[in-house]
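The values are calculated or read from the model by the stated rules, or taken from the named source; none is laboratory data. If you're wondering where the values come from, they're calculated on a predicted model, not measured in any experiment. Here the Cβ positions follow ideal geometry from the backbone for every residue, glycine too, while neighbour counts run over all protein chains shown. All accessible areas refer to the heavy atoms of the entire protein, side chains included, with ligands and DNA or RNA removed. Shrake-Rupley method; radii C 1.70, N 1.55, O 1.52, S 1.80 Å.
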Amino acid sequence: MHLRNLPLAALRTFEAAARQLSFKHAAEELCVSATTVSNQIRRLERDLGCKLFIRKTRAVVLTDAGRSLSKVLTKSLEDIRTEVENHVRSPRKSVSLAVGPIFASRWMIPRLDRFRDALPGIDLELHNSPRITDASLMTCDIAVDWGIGTWSGLDATRLLDIVYSPVLSPDLASRTGLPKEPEDVAEFPIIHQQDRSEWMEWLKIAGCERLSLTDKATIVDTNVVIQAAIDGQGMVLGIFPFCQADVEAGRLLKPFDLDLSPTRSFFLLTRPASRQRREIDDVFRWMVKEAHSGV
């Protein structure tokens, strides 16, 4: 295929669909219909003579050819964007940051005033980030994700360690009594996040792994879990430092000085060489400094 005949619009559409693994989400990003996305990708597959997606009932999966093309396109589009921005002489610079809900609401948002004071010439764009498994899912200049430090094709820098410890509201404690020993948690309704694994690990380090808990609910969203605890719905494993402000304000009580340290941490993710852009490096360094300050 000659360079001047490359189907650039279709390739851009394919890159968005491959990155999001969704024709619908790609359509929303590109402001077109899902039918348009599907038709462009079918024509691209026909022109290239190979399948790029395996279409399932409610999902699409990349073929080997699709995965390979996706990685090349995502990197190329990012390189183009970086090159264009390097040649745009604007008095203000913009940096996009992808974060999950709990990190955004309980770490980043409370620091926005300090960010503005420290880096007044940079506009920070906050995006909600899905879990990132490799460079093909990296859509922002910087991302914060949860893991052990291994992301294919990305630079990962440890940013923040967390610990788990039981917390409950003063209202629940007044109704049931404040627990004095780890065994006392059996007297409280327990709210799990996603599954029972963290509670089981905490009971193990507390020396009462055979304790039978009174399960009340399992909730996926961490912010909702914390709010349920504040509302007195049950005892939860609070995530520190994210729950520290609630404890200091008296909205939650932390009855035990016994913390569970997970094997994973929050990491800052960047593309190789992206920190050559001054504004990206400035935001990166500010976040590391904030995390290490302990404030």
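Could you please put His127, His192, His292 in sequence from largest to smallest accessible area, using a 1.4 Å probe?
Heavy-atom accessible area, descending, gives His292, His127, His192.
Note on the chain: lysine pairs with Cα distance below 18 Å, sequence gap of 8 or more or different chains, count 4. Restricting segment 143-228 to trypsin sites (Lys or Arg not before Pro) that sit in a DSSP loop and have at most 13 other Cβ atoms within 10 Å of their own Cβ leaves Lys180, Arg210.
Among DSSP beta bridges whose residues both lie in the chain, state the antiparallel percentage, nearest 5. Restricted to the chain, the bridges split so that about 60 percent are antiparallel.
Across every pair of non-identical alpha carbons in the chain, the mean reciprocal distance, once inverted, gives a Kirkwood radius of 22.0 Å. Compute the acute angle (0 to 90°) between the alpha-carbon long axis of helix 278-293 and the principal axis of greatest extent of the alpha-carbon atoms of the chain; round to the nearest 10°. Approximately 10 degrees, to the nearest ten. Using R0 = 41 Å, the C-beta based FRET efficiency linking Asp171 and Arg81 works out to 0.20.
The accessible area of Lys56, taken with all protein chains in place and a 1.4 Å probe, comes to roughly 130 Å².
From largest to smallest, the equivalent ellipsoid semi-axes obtained for segment 1-101 from the alpha-carbon gyration tensor read 26, 18, 13 Å.
Here the average projected area of the convex hull drawn through the C-alpha atoms of segment 154-295 stands at 9.5 nm². Leu268 contributes an accessible area of around 0 Å² to the protein surface, as traced by a 1.4 Å probe with all chains present. Could you tell me how far the Cα centroid of segment 186-204 sits from the Cα centroid of segment 253-268, in Å? Centre-to-centre distance over Cα atoms comes out at 14 Å.
Surface analysis of the chain yields an accessible area of 54 Å² per residue, using protein heavy atoms and a 1.4 Å probe. Proximity of backbone amide H atoms, modeled 1.01 Å from N, is registered between Leu168 and Leu253 at under 5 Å, excluding neighbours fewer than 5 places apart on the same chain.
Here Ile148 sits with roughly 120 square angstrom of accessible surface, probe radius 1.4 Å. Helix content alone sets the calculated 222 nm mean residue ellipticity of the chain: runs of n ≥ 4 DSSP H residues at -39500 (n - 2.57) each, divided across all residues, give -11500 deg cm²/dmol.
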